[in-house]
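Single-structure report; data block below.
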Amino acid sequence: MQREITKPCYVFENNGEVMQAGWARRPMFAFNKSKSKAPHHCERDCYFVNNGEVSLYLLVENYGIEFAVKIVIADLKRGGVIYDYVVKRFNLKKIALPEAPHKGELLYTDRQIQLQITHSVDERIIKCDFIDFGGIKNLYVNLHLSQRAGDSLNILAPFERNRKYYYMKRFAPKYSAEGVIRVGGFEYSLKEESTFTYFDSTRFFKPRRHDYQRLCCDTAIGSRRISLNLASRVGDNRYGNENSCFIDRKLYKLGSVNVKGTTEREGRPFYFSDDEGNLDVTFKPFTVGGKPMNAVMDKTKVIFGRLYGYFTTDDGQRVTLDNAQAHLIFAQF
């Protein structure tokens, strides 16, 4: 039985244990880090920008003493992927990700990359210069993200045996983007009215590593913006999971999802369904030269493809996803 949280609450009790468990349509969980008993908090922020021609995947994460930046550019018209990443170890200092969803700045610079992400109430600015991106080209990104009114998926999951461990997630497919991406000899001009962006943020302290899998789609079907998020289980999900769909930025919650597929057989489809018959989706990877369009960056893998099938919301709306652009993310964290 999933529990919807409708009133703001803190993440931690005074004893350092998780206070609530469930999901919400708004950022209800106030991250009172000082009450936690965790020796460290891991942080992951992901942006995915797509205008049908080009996709940008940008991930920044703190995991223990490691800080990583992972970037993928996928040309969806010509068929091709360029990607690169940096992983740095910091023993004496840490590059913190902004804790509040509406303010803060991340600034990282080394000999290869300059990255700046600035938050304000309804806007994000992403600027990046990456020398020898993918070992062959320079990358330049300058994007202005605008947040629209709408729902987001927010979950908080403890771990059954010890509630000092937690997994907190926010998935917000309600941004547009405009600006420019240049890589090598190609330049992509992104317009606000035709570019969709989601923001995916995770904070956690876990007792063990997880092999995590997430299917995402954020695109236009007819005149509607359709977003889909199907993810594997992390923590105690009896009171809420990540599975959700959005129609024009309105959230419809989904239950447990069955997945068939394996990364060991490259290019093969993945199948997603539920026991109630409300979800039946097939993900087919794009292929170039007989190989799937994917990027492998340390412990993260992104596969680009299309969806075929449908989902039905709890109020009876049926959405057909045939030929909808989507991507699969595999990560170990």
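Entry remark, the stretch 14-64: residues being under 29 Å from residue 79 (Cβ atoms), of a type in the set (S, T, N, Q) and in a loop (DSSP other than H, G, I, E, B) number 1 in total.
Each row is one residue, and each column tells you yes or no for (1) assigned to a strand (DSSP E or B); (2) modelled with pLDDT of 95 or more; (3) aliphatic (A, V, I, L, M).
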{"site": "83", "(1), (2), (3)": "yes, yes, no"}
{"site": "93", "(1), (2), (3)": "no, no, no"}
{"site": "98", "(1), (2), (3)": "no, no, no"}
{"site": "114", "(1), (2), (3)": "yes, yes, no"}
{"site": "117", "(1), (2), (3)": "yes, yes, yes"}
{"site": "140", "(1), (2), (3)": "yes, yes, no"}
{"site": "145", "(1), (2), (3)": "yes, yes, yes"}
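If I filter the stretch 305-333 down to residues being outside any strand (DSSP E or B) and touching a residue at least 40 places away in the same chain (Cβ under 8 Å), which single residue comes out as nearest to the chain's Cα centre (by Cα)? Even if it seems obvious, please write down each step before you answer.
To start, the set of residues in the stretch 305-333 that are outside any strand (DSSP E or B) comprises 313-317, 321-323, 333.
Adding the requirement that they be touching a residue at least 40 places away in the same chain (Cβ under 8 Å) leaves 313-315, 317, 321, 333.
Details: 313: 22, 314: 24, 315: 26, 317: 25, 321: 20, 333: 14 Å.
Among residues in the stretch 305-333 that are outside any strand (DSSP E or B) and touching a residue at least 40 places away in the same chain (Cβ under 8 Å), the one nearest to the chain's Cα centre (by Cα) is 333.
Quick grid of which residues meet (1) touching a Pro at 6+ places or on another chain (Cβ under 9 Å); (2) closer than 20 Å to residue 105 by Cα; (3) in a loop (DSSP other than H, G, I, E, B); (4) free of Cβ contacts under 8 Å to residues at least 40 places away in the same chain:
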position: 128; (1), (2), (3), (4): no, yes, no, no
position: 131; (1), (2), (3), (4): no, no, no, yes
position: 155; (1), (2), (3), (4): no, no, no, no
position: 171; (1), (2), (3), (4): no, yes, no, no
position: 175; (1), (2), (3), (4): no, yes, no, no
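When residue 252 is tested against (1) more than 20 Å from residue 331 (Cβ to Cβ); (2) touching a Gly at 6+ places or on another chain (Cβ under 9 Å); (3) among the aromatic types (Phe, Trp, Tyr); (4) in a strand (DSSP E or B), just one condition goes unmet, and that condition is (2).
Mind listing whichever residues of the stretch 77-126 are more than 22 Å from residue 301 (Cβ to Cβ), without any contact (Cβ under 8 Å) to a residue 24 or more places away in the chain and charged (D, E, K, R)? Scanning the stretch 77-126 gives 93, 103, 105, 111.
Remark: pairs (first residue in the stretch 37-55, closer than 17 Å to residue 106 by Cα and of a type outside the set (Phe, Trp, Tyr); second residue in a loop (DSSP other than H, G, I, E, B) and modelled with pLDDT under 95; Cβ separation under 6 Å; 6+ apart in sequence or on different chains) = 43/97; 45/97.
Being under 12 Å from the mean Cα position of the chain (by Cα) and either within 30 Å of residue 136 (Cβ to Cβ) or surrounded by fewer than 14 Cβ atoms within 10 Å (Cβ to Cβ) (or both) is the filter here; which residues of the stretch 180-211 pass it? Scanning the stretch 180-211 gives 197, 198, 199, 200. Could you please give the count of residues in the stretch 212-235 that are small (Gly, Ala, Ser), part of a strand (DSSP E or B) and surrounded by fewer than 22 Cβ atoms within 10 Å (Cβ to Cβ)? Looking only at that region, the number is 1.
The values are calculated or read from the model by the stated rules, or taken from the named source; none is laboratory data. All values derive from a computational prediction rather than experimental measurement. All Cβ positions, even for glycine, are placed from backbone atoms using ideal geometry, and neighbour counts span all protein chains on display.
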